[in-house]
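Down below is the structure, laid out as structure tokens.
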Amino acid sequence: MKTIILAGAVFWVGLAAGGGQAEDSVRPPAVAGAFYEGSPFGLDAQVSGLLKKAAKEPGRGPLVAAVAPHAGYIFSGSCAAHVYAQIVSGRYDRIFILGPPHHVFVSGVSLPDPALKAYSTPLGQVPLDARVCDELRKRKGFATTPGADAREHSVEVQLPFLQKTAGNFKLIPLLCGQMGPSEVAEVAAALAGYAGSNTLFLASSDFTHYGPNYDFVPFAEDVPGRLRAWLKEASERIAAQDLAGFTRHLRDTGDTICGAMPIRILLATLGQCPVAVKGSVLATATSGDVVGDFRNSVSYAAIGFFEDTTSKEAPMIIKERKSGTWTPGLSEPEKQTLFAIANDTLKWCVEGGKGKFPFEKYSITPLLKTNRATFVTLKIQGELRGCIGSLMPVAPLYESVHDNAINAALRDPRFSAVRPSELPKLEVDVSILSPIRDIESLKEFKIGQQGIILEKGFARAVYLPEVALEQGWTVEQTLSSLSLKAGLPPNAWKEGAAFKVFESVVLSR
């Protein structure tokens with residue numbers, strides 16, 4: 001990434017060391033010099049000045065999501081700054097911006113063109129999260145509408161604020177067209193899978209567009225008072241995460257909130273996130289107040305959703321142990337989902353397993369649907385109580401964990417089935433295996449870092465990477481024990497045996 005220092009201001013240009021992207025892979029700013037200052041110096045000073053006047057909310061948890069206006073900075077910048085003043089630099093690896101399309105008709109949610117690598121502003125380039133965009137492109141409700149973002153400002157005007165406050169992050173810009181309730185729910189389920197401490201969701205929206213310029217004059221008396229009342233009602237319904245109440249407000253008033261669909265999707269997404277949040281209206285404003293004329297006026301609201309650190313149901317803290325360098329790349333919410341499935345499956349199957357296991361209550365992301373080999377290990381006071389798994393990735397990760405939790409609890413031939421009275425005592429480990437590979441020589445086997453599979457004739461046995469470490473074994477002791485586990489003499493490993501190795505990631509409480 002290239003750094004330019006001009007008159008004491010620092011600007012980051014490019015996406016990686018060695019220079020920026022080719023011009024055709026970067027979306028140039030469409031409204032620089034119109035909605036906000038067009039020069040690096042002027043824009044840096046403009047955003048810094050707006051942020052300086054905005055207050056950070058004391059005693060709040062981390063910002064999880066927000067609603068911010070997208071008008072010209074002279075009208076809505078002071079209001080928007082109240083959202084961005086809450087951001088801690090370096091906290092977010094990725095930021096979703098959900099905006100309404102103003103120039104092109106969009107059905108569902110429009111993703112950027114796959115060839116696009118970054119958005120740019122006078123402050124530099126913001127890289128897109130290509131992996132997340134590619135994953136969403138495979139989900140129902142997401143597509144790419146050609147040209148939808150070429151002149152669109154609803155995403156762009158948020159970027160200079162984010163460049164000044166969030167620092168380095170990857171962007172997922174989403175333009176949200178008209179959708180029904182079921183489509184909103186499907187899109188929200190896809191987005192909720194990416195929720196976590198490293199992710200921010202931002203809905204870009206202005207509120208009531210009043211006056212003949214907007215072909216909307218629902219009242220002619222006490223216009224400032226009526227506009228402020230509508231703004232208060234709508235923003236408070238949103239902050240309360242009251243999707244039904246917000247929808248009623250729109251239906252009953254016809255309120256011209258351009259980002260109503262992004263806001264609906266945001267609220268539906270928050271309803272499926274693993275982290276409890278509290279909303280707060282941080283600031284409101286109208287352009288009528290700015291210019292002193294309400295004949296044509298647009299309203300604005302800054303709304304923050306903060307992690308509720310006082311919630312009684314705090315999210316599970318999941319520990320992750322990597323045996324080597326390999327990782328499946330799970331986010332914190334994905335780890336919590338996977339571990340919740342393992343725990344809930346154990347209770348469900350040990351207590352009788354009546355009905356169908358309710359997978360629909362979990363947020364199953366594309367990564368959790370990837371085929372992976374897993375093991376589930378059960379212990380009580382450190383003593384093994386059951387362990388069964390699969391060596392080949394023949395089922396989606398979440399289903400594999402579910403199946404092996406059942407097998408470890410009920411079908412390990414070394415143990416009797418787990419009893420309901422034992423459930424509170426169980427210590428659960430979920431192991432996710434890397435792809436397995438053959439080794440030519442045991443010199444390649446890295447004890448403690450790799451699991452090992454012994455095969456000789458029809459005999460076969462496996463140890464996970466942590467087994468040797470827990471037992472304090474040497475390589476020879478590990479292989480002798482592995483031979484016995486396969487039903488062979490302890491020295492059977494020394495001749496005629498084949499070996500495979502793998503790494504693992506272990507999730508536990």
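Name the residues in region 237-278 that are hydrophobic (A, V, I, L, M, F, W, C), closer than 21 Å to S299 by Cα and not in a loop (DSSP other than H, G, I, E, B), would you?
I238, A239, L243, F246, L250, A260, M261, I263, I265, L266, L267
If you check T337 against the conditions, is it surrounded by 15 or more Cβ atoms within 10 Å (Cβ to Cβ), hydroxyl-bearing (S, T, Y) and touching a Phe, Trp or Tyr at 6+ places or on another chain (Cβ under 7 Å)?
Yes: the conditions hold for T337.
Could you check how many residues of region 423-466 are in contact with a helix residue (DSSP H, G or I) (Cβ under 8 Å, 6 or more places away or on another chain), closer than 24 Å to A340 by Cα and not in a strand (DSSP E or B)?
Residues that pass the stated criteria total 1.
Read through the list (1) outside any loop (DSSP other than H, G, I, E, B); (2) over 35 Å from the mean Cα position of the chain (by Cα), then give the number of the only condition that D412 fails.
Among (1) outside any loop (DSSP other than H, G, I, E, B); (2) over 35 Å from the mean Cα position of the chain (by Cα), D412 violates only (1).
Being touching a strand residue (DSSP E or B) at 6+ places or on another chain (Cβ under 6 Å) and assigned to a helix (DSSP H, G or I) is the filter; apply it to region 479-491 and report the residue that is farthest from G448 (Cα to Cα).
K485
Of the numbered conditions (1) modelled with pLDDT of 90 or more; (2) surrounded by fewer than 17 Cβ atoms within 10 Å (Cβ to Cβ), I317 fails exactly one; give the number of that condition.
So I317 meets the others, but not (1).
Being among the polar types (S, T, N, Q), within 27 Å of E183 (Cβ to Cβ) and in the same structural domain as P69 (by TED's automatic domain parsing), is that true of even one residue in region 233-242?
yes
Tell me, yes or no, whether region 156-172 has at least one residue that is acidic (D, E), assigned by TED's automatic domain parsing to the domain that holds M261, surrounded by 19 or more Cβ atoms within 10 Å (Cβ to Cβ) and out of contact with any helix residue (DSSP H, G or I) (no Cβ under 7 Å at 6 or more places or on another chain).
yes
Given the criteria within 30 Å of H402 (Cβ to Cβ), surrounded by fewer than 20 Cβ atoms within 10 Å (Cβ to Cβ) and β-branched (V, I, T), does V506 qualify?
Answer is yes for this residue.
Okay, residues lined up against (1) at pLDDT 95 or above; (2) in contact with a His (Cβ under 6 Å, 6 or more places away or on another chain); (3) more than 20 Å from C176 (Cα to Cα):
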residue	(1), (2), (3)
P58	no, no, yes
S76	yes, no, yes
A81	yes, no, yes
Y84	yes, no, yes
D93	no, no, yes
I97	yes, no, no
H102	yes, no, no
S107	no, no, no
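Check region 340-354 and report whether any residue there is outside the structural domain of L469 (by TED's automatic domain parsing), modelled with pLDDT of 90 or more, farther than 29 Å from Q241 by Cα and surrounded by fewer than 22 Cβ atoms within 10 Å (Cβ to Cβ).
Checked region 340-354: no residue is outside the structural domain of L469 (by TED's automatic domain parsing), modelled with pLDDT of 90 or more, farther than 29 Å from Q241 by Cα and surrounded by fewer than 22 Cβ atoms within 10 Å (Cβ to Cβ).
Please verify whether region 290-298 includes one or more residues that are in the same structural domain as T377 (by TED's automatic domain parsing), touching a His at 6+ places or on another chain (Cβ under 6 Å), modelled with pLDDT of 90 or more and surrounded by 13 or more Cβ atoms within 10 Å (Cβ to Cβ).
Checked against the condition, which is being in the same structural domain as T377 (by TED's automatic domain parsing), touching a His at 6+ places or on another chain (Cβ under 6 Å), modelled with pLDDT of 90 or more and surrounded by 13 or more Cβ atoms within 10 Å (Cβ to Cβ), region 290-298 yields no hits at all.
The values are calculated or read from the model by the stated rules, or taken from the named source; none is laboratory data. Everything numeric in this text was worked out from a predicted model, so none of it was measured. Here the Cβ is made from the backbone with ideal geometry for all residues, glycine too, and neighbour counts use every protein chain on show.
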